[in-house]
1. Somewhere in segment 37-57, is a residue under 30 Å from residue 232 (Cα atoms), touching a strand residue (DSSP E or B) at 6+ places or on another chain (Cβ under 7 Å) and at pLDDT below 85?
2. It is to be established whether one or more residues within segment 376-383 are buried (at least 21 other Cβ atoms within 10 Å of the Cβ), in a loop (DSSP other than H, G, I, E, B) and either modelled with pLDDT of 90 or more or out of contact with any helix residue (DSSP H, G or I) (no Cβ under 8 Å at 6 or more places or on another chain) (or both).
3. Can you name the residue in segment 303-334 that is part of a loop (DSSP other than H, G, I, E, B) and touching a residue at least 40 places away in the same chain (Cβ under 8 Å) and is also farthest from residue 284 (Cα to Cα) among such residues?
4. Determine which single condition residue 408 fails, assuming it passes every other condition in (1) under 14 Å from residue 482 (Cα atoms); (2) out of contact with any helix residue (DSSP H, G or I) (no Cβ under 7 Å at 6 or more places or on another chain).
5. Mind checking whether some residue in segment 18-26 is more than 13 Å from residue 130 (Cβ to Cβ) and surrounded by fewer than 24 Cβ atoms within 10 Å (Cβ to Cβ)?
């Protein structure tokens with residue numbers, strides 16, 4: 001068939017839709033995490049809202065066939081697609097401290113509707129545009145191109161992923177990246193305008209678009225947005241890195257270091273640095289070799305150097321940009337006794353042959369799955385192997401004061417029980433935080449006396465601020481409150497992460513069980529009310545989104561730098577969707593309800609096996625390049641199954657209009673993905689673990705196949 005300007009325009013529009021939506025999705029996800037100081041729970045909520053709204057937009061597109069306009073409408077849609085991402089980011093940053101009081105923590109029940117409202121215009125539009133393009137293909141070309149356009153959108157997303165991860169993430173900030181998206185969308189609108197005799201619109205967009213882009217570059221909107229977010233603070237540095245968004249602000253003489261909106265530390269705060277170092281260091285007479293995991297530029301290195309016996313300090317930090325900032329804005333890295341290692345600490349411990357007298361884990365509480373991996377039995381086992389016979393491991397949890405809430409009691413109990421699996425002696429030192437000391441040798445709580453005996457000059461950790469007897473009483477009180485039969489925290493069953501989420505949620509006095517109940521009711525109703533084809537797309541979307549999230553978390557558990565890998569995994573997922581919806585049909589052309597159900601069964605079996613493969617990769621001492629390849633292959637295969645399933649669904653000979661079918665199919669897939677992303681992040685993964693989550697998802701796919709086969713006769 002001859003390639004006409006109409007076909008070129010439709011194909012170009014759907015590819016640009018994929019490019020624009022993927023880059024915008026990743027950027028907005030990062031912005032929401034930074035503005036709301038979020039963890040994987042926030043990420044699950046944002047992804048769920050994104051997919052839900054996109055699905056609703058696609059469903060609304062079933063009425064696109066009633067719209068008379070053609071390419072003038074498409075040009076208008078592309079212009080809005082160009083402008084809305086920048087507007088959304090600007091509103092997110094400027095309204096954060098207008099809608100919510102400055103400095104106040106924002107709960108999930110407030111983030112959920114806030115993100116829903118902010119994402120609504122762009123997501124509804126992009127979902128609608130896909131169905132609109134399917135309708136125009138049917139109207140002007142008399143072809144059902146739903147499956148092909150789905151594949152082309154995936155190819156566009158693949159291209160957008162490559163562009164973002166290879167170029168934008170390294171060279172441009174958020175606003176600059178969105179200006180690139182704006183330019184791509186407007187260029188597509190101009191080309192479509194000229195190709196379809198809309199020359200006035202084409203020339204107008206060319207001139208206006210160029211003018212807007214120049215003004216945006218000169219105005220530097222990224223700087224202006226952050227000024228409204230960080231009130232009464234002078235921003236002296238900000239940069240988007242592969243590991244996260246870094247920002248340094250200045251308040252008087254104090255410098256504040258933020259990563260993804262979370263305050264890492266502030267200069268001029270010796271109390272925190274002293275506690276993080278001295279409770280562990282005074283336990284041994286002459287500690288010589290120390291491993292410091294994160295937090296070195298906050299002042300911990302200066303505290304370590306107070307000990308004359310120190311021969312060497314290895315300071316491990318994952319993000320090299322933090323080291324660069326430490327060298328530029330502090331003097332914490334100037335000592336000759338200090339070696340800076342930019343690597344994941346767990347990988348470093350796994351590979352190194354060195355042994356240490358003290359290992360200091362200077363990280364926040366396990367509020368994310370990434371940080372949780374430093375509070376698991378697997379990490380404690382690794383640390384124990386790298387300590388000397390009398391070596392000490394130190395880590396901390398938020399202070400419980402004189403009262404332990406239910407969630408804080410469980411969290412402290414889980415960490416204490418997990419440490420007991422590897423160390424016979426554990427001491428809890430209550431201070432600004434609850435510091436856990438673990439060793440094979442004896443431990444002492446006579447902190448003030450030992451500090452004075454060693455002649456260490458501190459501002460806070462000394463006999464004027466610490467009473468040893470009171471400290472021992474508080475420590476015994478905490479130990480008495482601990483649950484003796486608490487479960488153990490592990491990599492693939494991150495219970496401490498779940499309890500930390502519960503502790504965080506408990507601060508807002510909200511009934512989150514209602515959210516879970518509402519989600520379950522919607523989930524069951526959809527399974528019962530959807531037609532058999534859309535049940536399959538719903539469960540397939542659930543499996544695809546949930547296993548994509550599981551792959552990201554598993555990679556993070558093993559290697560620790562998922563922020564750098566997230567774009568790669570999403571890009572490979574899009575490549576798999578394209579392969580499954582465009583490549584596999586050339587090999588397996590048969591379309592039938594039984595073949596469709598068979599794909600569901602295969603998908604269910606695959607997601608059951610997938611976590612076991614990841615478990616084997618975690619335990620295997622294989623080449624890092626090989627493991628990266630395996631993760632990429634697993635992602636590609638999962639997405640290929642989902643893409644082929646969509647092809648089957650869109651090609652079944654059902655007695656419905658092409659536009660209506662495309663709307664229902666795309667929306668069922670998106671809504672299933674939304675619920676999968678939310679459930680896996682919020683409940684399944686932290687509560688039952690990766691392996692059990694895979695089993696649950698596999699059974700769900702098989703249930704979907706059963707519903708398809710039982711109801712297909714009707």
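1. So far as segment 37-57 goes, yes, one or more of its residues are under 30 Å from residue 232 (Cα atoms), touching a strand residue (DSSP E or B) at 6+ places or on another chain (Cβ under 7 Å) and at pLDDT below 85.
2. yes
3. Out of the qualifying residues, it is 319.
4. Status for residue 408: all satisfied but (2).
5. Quick first cut of segment 18-26, residues more than 13 Å from residue 130 (Cβ to Cβ) only: 19, 22-26.
From what's left, surrounded by fewer than 24 Cβ atoms within 10 Å (Cβ to Cβ): 26.
Within segment 18-26, one or more residues are more than 13 Å from residue 130 (Cβ to Cβ) and surrounded by fewer than 24 Cβ atoms within 10 Å (Cβ to Cβ).
Rundown of residues vs (1) over 22 Å from residue 453 (Cβ atoms); (2) at pLDDT 90 or above, yes/no style:
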residue: 276; (1), (2): no, yes
residue: 283; (1), (2): no, yes
residue: 299; (1), (2): yes, no
residue: 361; (1), (2): yes, yes
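Yes or no, residue by residue, for (1) modelled with pLDDT under 80; (2) in the same structural domain as residue 153 (by TED's automatic domain parsing); (3) within 18 Å of residue 545 (Cα to Cα); (4) crowded, with 18+ Cβ neighbours inside 10 Å:
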residue	(1), (2), (3), (4)
592	no, no, no, no
597	no, no, no, yes
616	no, no, no, no
619	yes, no, no, no
623	yes, no, no, no
630	no, no, no, no
633	no, no, yes, no
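For every residue, the table says whether it meets (1) modelled with pLDDT under 85; (2) in contact with a helix residue (DSSP H, G or I) (Cβ under 7 Å, 6 or more places away or on another chain); (3) not assigned by TED's automatic domain parsing to the domain that holds residue 27.
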{"site": "123", "(1), (2), (3)": "no, yes, no"}
{"site": "126", "(1), (2), (3)": "no, yes, no"}
{"site": "148", "(1), (2), (3)": "yes, yes, no"}
{"site": "160", "(1), (2), (3)": "no, yes, no"}
{"site": "171", "(1), (2), (3)": "yes, no, no"}
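The values are calculated or read from the model by the stated rules, or taken from the named source; none is laboratory data. The shown structure was predicted, so the numbers you read here are calculated from the model rather than taken from an experiment. Neighbour counts run over all protein chains shown; Cβ positions are idealised from the backbone, glycine included.
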